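Trainee: Here you go, one structure.
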Amino acid sequence: EFLEDWEERYRHVIEQGKAMETLEDALKVDATKVDGCASQVWLHPKIEGGIFRFDGESDAMIVNGLIGILRLLYNDLPVTEVLEVDAKGELGRLGLNDHLSAQRSNGLAAMITRIRETAAKAA
């Protein structure tokens, strides 16, 4: 039963990644690259009228899925609310913390840090 639950969650994460639009090549630059990830990851934040949004892409499908989940958590929030999101707690409820490799967990933490730093600068 547990394996089926995890497999279902994993498939959901992968589907999130497949559903995302790709990032324009012009946005895949050093300034948008997230260090600390095992794969190539780019996050492109946009803040308009105090509302936070970001697009992103990775060369790893599972990481694309994680980006998709982070977009669900953060996109369209006022920048001040971005800082209040407990992403690790939300991802923990999905059971992801127990199943990601150490490198993926570090990369996920780096993505969350980048999002929070961007919002903090704009708040």
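Trainee: Extension gain residue 101-residue 22, at 0.36 nm per residue separation less the Cα-Cα distance, in nm?
Mentor: 26.0 nm
Trainee: Let me ask you something else. Nothing charged except the Cβ atoms of Lys and Arg (+1) and of Asp and Glu (-1): what's the magnitude of the dipole of the chain about its Cα centre? Round to the nearest 20 debye.
Mentor: Charge dipole, the chain, about its Cα centre: 360 debye, nearest 20.
Trainee: Return the aspartates and glutamates within reach of residue 28: Cα separation strictly under 12 angstrom, same-chain partners fewer than 8 residues apart disregarded; answer none if there are no such residues.
Mentor: The reachable aspartates and glutamates, counting only those whose Cα sits under 12 Å from residue 28, are 55, 57, 59.
Trainee: Based solely on its DSSP helices, what 222 nm [θ] is calculated for the chain when runs of n ≥ 4 H residues each add -39,500 (n - 2.57) and the sum is averaged over all residues, nearest 500 deg cm²/dmol?
Mentor: Here the helix-only value at 222 nm equals -16500 deg cm²/dmol.
Trainee: Can you tell me, using C-alpha contacts under 8 Å and at least 6 residues apart, the relative contact order of the chain as a whole percent?
Mentor: 27
Trainee: Let me ask something else. So who's got an amide H within less than 5 Å of the one on residue 77, skipping anything under 5 residues away but keeping other chains? H placed 1.01 Å off N, in plane.
Mentor: The answer is 52.
Trainee: Moving to a separate point now. Tell me, what ³J(HN,Hα) does each residue in region 67-80 have, in order and in whole Hz, if you take phi through Karplus 6.51 cos²θ - 1.76 cosθ + 1.60 with θ = phi - 60° and put x for Gly and Pro?
Mentor: 4, x, 5, 4, 5, 4, 6, 10, 5, 6, 9, x, 4, 5
Bear in mind these aren't lab numbers, they're just calculated from the coordinates by the rules spelled out. Bear in mind the structure is a predicted one, so any value in this text is a computation, not a measurement. Cβ coordinates were reconstructed from backbone atoms using ideal geometry, including for glycine residues, and neighbour counts include every protein chain displayed.
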